[in-house]
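Some notes on the structure that comes next.
The values are calculated or read from the model by the stated rules, or taken from the named source; none is laboratory data. Predicted model, so just to flag it, every value in this text is computed and none were measured. Reconstructed Cβ throughout: ideal geometry from the backbone, glycine too, with neighbour counts over all protein chains shown. Calculation scope for accessible area: heavy atoms of the full protein, side chains included, ligands and nucleic acids excluded. Shrake-Rupley method; radii C 1.70, N 1.55, O 1.52, S 1.80 Å.
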Amino acid sequence: MKNQQIANIFSEIADLLELKGENVFRIRAYRRAAQNMDGLSKDVAALSQEELEAIPGIGKDLVAKIHEFLETGTVSKHEALKKEIPGGVLELLHIPGLGPKKTKLLYDKLHVKGVDDLEAAIRQGKLAGLPGIQKKTEENILRGIELIKRGSERKPLGRVLPLAEDIVRRMKEGAPVDRIEIAGSIRRWKDTVKDIDILTTSKQPEKVMDAFVGLPHAGRVLMQGPTKSSIVTDDGIQVDLRVVEERSFGAALAYFTGSKQHNIKLREMAVRAGLKINEYGVFKEPGDIQIGGKKEEDVYKALDLPFIAPELREDMGEIDAALEGRLPKLVTLEDIKGDLHVHTNWSDGSHDLEEIVAAARQKDYRYIAITDHTKGLGVAHGLDEKRLADEIRLIDETNKRHAGFKVLKGTEIDIRADGRLDLSDEALSGLDLVVASIHSGFGQSKEQMTKRILTALRNTCVSVFAHPTGRLIGVRDAYAVDMEAVLREAARQGVVMEINAQPLRLDLNDLHIKMAKQFGVQLVISTDMHVTSQFDYMTYGVSLARRGWVEKKDVLNALEYEELIPRLKTCRVVKLKRAK
Ligand code: DGT
Ligand code: CA
Ligand code: ZN
């Protein structure tokens with residue numbers, strides 16, 4: 001589908017306009033258009049003129065650009081802008097700690113045209129004395145460069161999983177495969193991934209391999225063999241495909257799902273039980289007789305263990321828990337009854353409330369919470385007291401139209417540098433929940449940041465603390481914060497910690513989730529959606545929660561509305577009449 005390519009072009013136009021210092025509203029229009037193209041569930045090439053114009057944020061002008069791309073493969077406006085600014089300069093925009101203003105400054109004054117130029121310029125001390133550049137800025141930029149270089153080795157799950165699923169789909173359609181499964185770290189839902197491991201069975205392995213190396217994804221073929229082939233995509237992601245025997249498929253799936261440490265523990269247990277477990281099956285010594293391996297369960301059964309979910313296979317105590325019968329009963333996607341972090345077009349979301357409610361009902365949700373940004377976040381068109389009051393009224397009206405479904409009145413309030421909130425308690429007192437989060441000042445010291453967050457958690461209005469470490473995988477590290485102190489305070493204050501399901505956030509991470517559980521902190525799993533298709537991110541959030549050993553009872557948005565409301569700390573003045 002060309003959707004992604006068009007989204008990338010729109011987003012690059014926004015970057016280029018930003019470098020040129022153009023009008024912020026135009027820039028925002030392109031960013032929103034990119035977001036909407038990316039979130040489109042249908043192939044853009046198959047849409048009619050009316051359908052194209054009906055995409056929120058896409059007017060006549062942008063529809064023309066979409067047509068231009070579909071016909072010619074380029075957008076002239078984009079090409080013209082690129083001529084004005086060298087490609088390497090665009091790359092600089094992605095360095096954390098370096099906004100468009102500084103990038104432009106470096107380009108104008110020092111003719112820095114790419115990451116290597118910039119690194120050299122810093123090392124040669126050339127940045128010293130430029131306006132707005134301090135020693136600390138230089139250190140931040142160097143750290144940003146390192147992060148980008150490091151990030152290119154392990155890829156965010158959110159980028160790799162859709163690719164892996166697309167490959168599997170094409171193989172099912174175009175090759176004689178019987179069983180086919182994604183294994184490796186992707187199947188364990190690890191937040192970053194080195195490569196894609198896929199397993200299949202087939203009666204015609206050569207045909208499978210031919211189809212595989214012939215995929216449009218195969219930028220380069222590393223090897224083609226009878227049982228294993230490897231390709232590298234144009235983005236540099238390696239994909240290994242193995243064809244295994246039907247009677248070995250389960251054992252191979254267990255082996256290649258890993259983790260390596262988990263496998264090693266299982267094999268040691270097998271040896272003690274007079275068995276051998278490898279990627280070919282389960283074998284009984286002496287005589288090497290195969291007693292299992294067709295199904296993955298065989299591996300665990302042979303060791304008298306219950307099945308261990310892939311998300312738990314990190315050698316983090318899951319095998320002992322299995323032996324002692326205390327594996328967690330993990331939360332599932334079906335347990336989720338609503339989404340408590342949702343953006344509309346009142347701030348930087350793409351859809352109006354009615355469209356969002358329709359999409360949520362389509363998912364069989366019982367409720368959602370609308371949590372648009374507040375005024376401190378100007379770039380996101382954040383709401384001030386007046387607009388929040390207007391939005392609350394709109395939600396009240398909307399609720400009257402939807403029986404059996406609830407829209408909670410909320411906000412995603414910006415936590416300022418000193419820990420105070422962006423709106424008065426009075427403005428928040430009409431809300432059902434207040435989601436607080438940090439969007440600026442990421443460079444504060446650990447002490448400052450921890451104090452800032454603890455101050456916010458102690459505010460009587462704050463119900464949820466969202467994307468608690470601020471990380472963007474491969475883009476921005478987590479800010480420095482004493483997470484143990486934060487989680488202990490959250491438990492004391494009854495503040496709910498969010499597991500943010502945006503694939504680049506996945507924040508809290510698995511270890512923090514485990515810690516939160518241990519301290520008795522309540523959790524929510526939220527998508528933080530800006531486009532209705534992002535409701536689907538919930539699977540990422542649920543799988544991440546599972547990696548943190550989370551059960552249904554730990555998750556507030558697995559509760560019915562009536563049970564949920566009393567569990568949310570708020571400063572509401574009007575007590576809700578409990579639904580009968
Ligand atoms: P990554 O780094 O994101 O690709 O993580 P994995 O877990 O997918 O690692 P990968 O692709 O190197 O290997 C896939 C699985 O194969 C791994 O989880 C366990 C298994 N495996 C690979 N090498 C070994 C090994 O030397 N011993 C054992 N027991 N298992 C291995
Ligand atoms: Ca792998
Ligand atoms: Zn948000």
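Suppose R0 equals 45 Å. What FRET efficiency, 1/(1 + (r/R0)^6) with r the Cβ-Cβ distance, do residue 361 and residue 109 give to the nearest 0.05? Step by step, r from the Cβ atoms, then E = 0.25. Counting 0.36 nm for each residue step from residue 173 to residue 301 and taking away their Cα separation leaves a gain of 42.7 nm. With Cα atoms defining each centre, region 277-349 and region 250-271 are spaced 12 Å apart in the structure. One chain, two ends: residue 61 and residue 492. Fully extended at 0.36 nm per residue, the span grows by 149.8 nm beyond their Cα-Cα distance.
In this simple spin-label model, placing a label point 7 Å from the Cα along the Cα-to-Cβ direction at both residue 272 and residue 485 gives a separation of 4.2 nm.
To put it simply, the accessible area of region 471-580 at a 1.4 Å probe is 52 percent carbon and sulfur. What you get for the chain, charging only the Cβ of Lys and Arg (+1) and of Asp and Glu (-1), is a dipole of about 1020 debye around the Cα centre. Counting only protein heavy atoms and a probe of 1.4 Å, the accessible surface of region 297-381 is 48% carbon and sulfur. Does the chain come out rounded, prolate or oblate by the C-alpha gyration tensor, with a ≥ b ≥ c the root eigenvalues, rounded set by a/c under 1.5 and, if not, prolate when a/b is larger than b/c and oblate if not? Taking the square roots of the gyration eigenvalues as a ≥ b ≥ c, the chain is oblate. Per-peptide packing, taken as the mean over residues of other Cβ atoms within 10 Å, places 23-33, 226-236 in the sequence 23-33, 226-236 from highest down.
Projecting label points 7 angstrom from Cα along Cα→Cβ for residue 536 and residue 91 puts them 3.1 nm apart.
Relative to the Cα centre, the charge distribution of region 155-243, modelled as +1 at Lys and Arg Cβ and -1 at Asp and Glu Cβ, gives a dipole magnitude of about 200 debye.
Think of a 1.4 Å ball rolled over the protein heavy atoms: the chain then has 46 Å² of accessible area per residue. Computed from the Cβ-Cβ distance with R0 of 35 Å, the FRET efficiency linking residue 101 to residue 333 stands at 0.25. Ordering of 292-299, 122-129, 402-409 by packing is 292-299, 402-409, 122-129, highest average first (other Cβ atoms within 10 Å, averaged per residue). Of the GluC sites (Glu not before Pro) found in region 132-175, those in coil by DSSP whose Cβ has at most 12 other Cβ atoms within 10 Å are 153.
Using a simple spin-label model with pseudo-atoms 7 Å out from Cα toward Cβ, residue 424 and residue 25 lie 3.0 nm apart.
In the assembled protein chains, residue 76 presents an accessible area of approximately 70 Å² (probe radius 1.4 Å).
In whole percent, and with a 1.4 Å probe on the protein chains, what portion of the accessible area of region 143-214 is carbon and sulfur? Answer for region 143-214 is 46 percent, counting heavy atoms of protein chains only.
The overall shape of region 336-579, judged from the alpha-carbon gyration tensor, is rounded, with an a/c ratio under 1.5. Annotation: peptides 512-518, 411-417, 260-266, ranked by per-residue average of other Cβ atoms within 10 Å with the highest first, follow the order 411-417, 512-518, 260-266.
Dipole of region 2-151 computed with +1 at Lys/Arg Cβ and -1 at Asp/Glu Cβ about the Cα centre; of 118, 145, 130, farthest Cα towards the positive end is 130.
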